[in-house]
Amino acid sequence: MKIAPSILSADFANLQRDIELVEKCGADYIHVDVMDGQFVPNITLGSNVVSAIRPVTKLPLDVHMMVISPERFIEDFANAGADILTIHQESTPHIHGALQKIKEAGVKAGVVINPGTPVVAIEHVLSLVDQVLIMTVNPGFGGQKFLPECLEKVEQLVKIREEKGLTFDIEVDGGVDNTTIGACKKAGANVFVAGSYVYNAENPKERMDALRAELA
């Protein structure tokens, strides 16, 4: 079970401090949300920021690309130090080729689907990926309410993975806190992105400990 704090909710003026904070608190990944203002209505970080934070932590950088035509930027993010590049099925008509490009760049590949996208839309590329991310909110902003109906897709993925003998991780992102992470685990997820729940707290360590306790 892996916890991946999202720096979308961190203090951008103190990213090193906030990354080191969650690393000391037992984070397994650092989740980096990349938004282009087109695929989602927000603009965040680019590959230059990934390059800047790469020397700050030894944790894997789990880069979630919420951008149109992500294949344009795969090489940049791979060279910047991303360990996992996760791209949306909805963001490109060439999802198979884009995932191949990620693998060719020497980075782990992930595919994401939004709340309104069914699992069948990615079933044909599951053999290519190391991770599948199920959005449990509509992407674009942190602090949204968890959508429990999305957990049906996690259950579907577990079944497909078993039937096809695949090994990809199942990640959930959006509204994950101490009241929802247990249901995510029960459905079959094993990577959990938490942003505002951790970083908006007075004591982030207590929040990280609470998440870990629910996964025990």
Note to self: Looking at region 168-177, can you tell me whether even one residue there is part of a helix (DSSP H, G or I) and in contact (Cβ under 8 Å) with a residue 12 or more places away in the chain?
What the structure shows: no
Item checked: Search result, residues across region 55-64 that are crowded, with 24+ Cβ neighbours inside 10 Å, out of contact with any helix residue (DSSP H, G or I) (no Cβ under 7 Å at 6 or more places or on another chain) and not charged (D, E, K, R) -> 64
Margin query: If residue 197 satisfies all but one of (1) over 19 Å from residue 10 (Cα atoms); (2) touching a helix residue (DSSP H, G or I) at 6+ places or on another chain (Cβ under 7 Å), what's the number of the condition it fails?
Written below: (1)
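Based on what the data block shows, is residue 110 at positive phi and within 14 Å of the chain's Cα centre (by Cα)? Show your work before the answer.
Numbers: at positive phi: no; within 14 Å of the chain's Cα centre (by Cα): yes.
In short, no.
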Notebook entry, point to check: What number of residues in region 92-127 are crowded, with 16+ Cβ neighbours inside 10 Å and in a loop (DSSP other than H, G, I, E, B)?
Noted result: 6
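Considering region 48-62 alone, what residues qualify as being part of a helix (DSSP H, G or I) and more than 16 Å from the chain's Cα centre (by Cα)?
Once the filter is applied, which keeps residues that are part of a helix (DSSP H, G or I) and more than 16 Å from the chain's Cα centre (by Cα), region 48-62 yields 48, 49, 51, 52, 53, 54, 55, 56.
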Check: If we scan region 36-46, do we find a residue that is buried (at least 17 other Cβ atoms within 10 Å of the Cβ), touching a residue at least 40 places away in the same chain (Cβ under 8 Å), assigned to a helix (DSSP H, G or I) and among the hydrophobic types (A, V, I, L, M, F, W, C)?
Finding: no
Notebook entry, point to check: Only one of (1) outside any strand (DSSP E or B); (2) out of contact with any Cys (no Cβ under 9 Å at 6 or more places or on another chain); (3) without any contact (Cβ under 8 Å) to a residue 40 or more places away in the chain; (4) closer than 29 Å to residue 184 by Cα fails for residue 140. Which number is that?
Noted result: (3)
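Does region 3-12 contain any residue that is assigned to a helix (DSSP H, G or I) and hydroxyl-bearing (Ser, Thr, Tyr)?
Step one: list which residues in region 3-12 are assigned to a helix (DSSP H, G or I), which gives 7-9, 12.
Retained after the next criterion (residues that are hydroxyl-bearing (Ser, Thr, Tyr)): 9.
Scanning region 3-12, I find at least one residue that is assigned to a helix (DSSP H, G or I) and hydroxyl-bearing (Ser, Thr, Tyr), so the answer is yes.
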Notebook entry, point to check: Taking region 166-186, which residues are buried (at least 24 other Cβ atoms within 10 Å of the Cβ), charged (D, E, K, R) and more than 14 Å from residue 156 (Cα to Cα)?
Noted result: 173
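Please tell me if residue 65 is touching a residue at least 40 places away in the same chain (Cβ under 8 Å) and in a strand (DSSP E or B).
Details: touching a residue at least 40 places away in the same chain (Cβ under 8 Å): no; in a strand (DSSP E or B): yes.
Here the answer is no, as residue 65 does not meet what is asked.
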Notebook entry, point to check: Just wondering, is there one or more residues in region 183-200 that are at positive phi, in contact with a Lys or Arg (Cβ under 7 Å, 6 or more places away or on another chain) and assigned to a loop (DSSP other than H, G, I, E, B)?
Noted result: no
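A short reminder: the numbers here are calculations on the coordinates, not readings from a lab. Not measured: the values here are computed from a predicted model. All Cβ positions, even for glycine, are placed from backbone atoms using ideal geometry, and neighbour counts span all protein chains on display.
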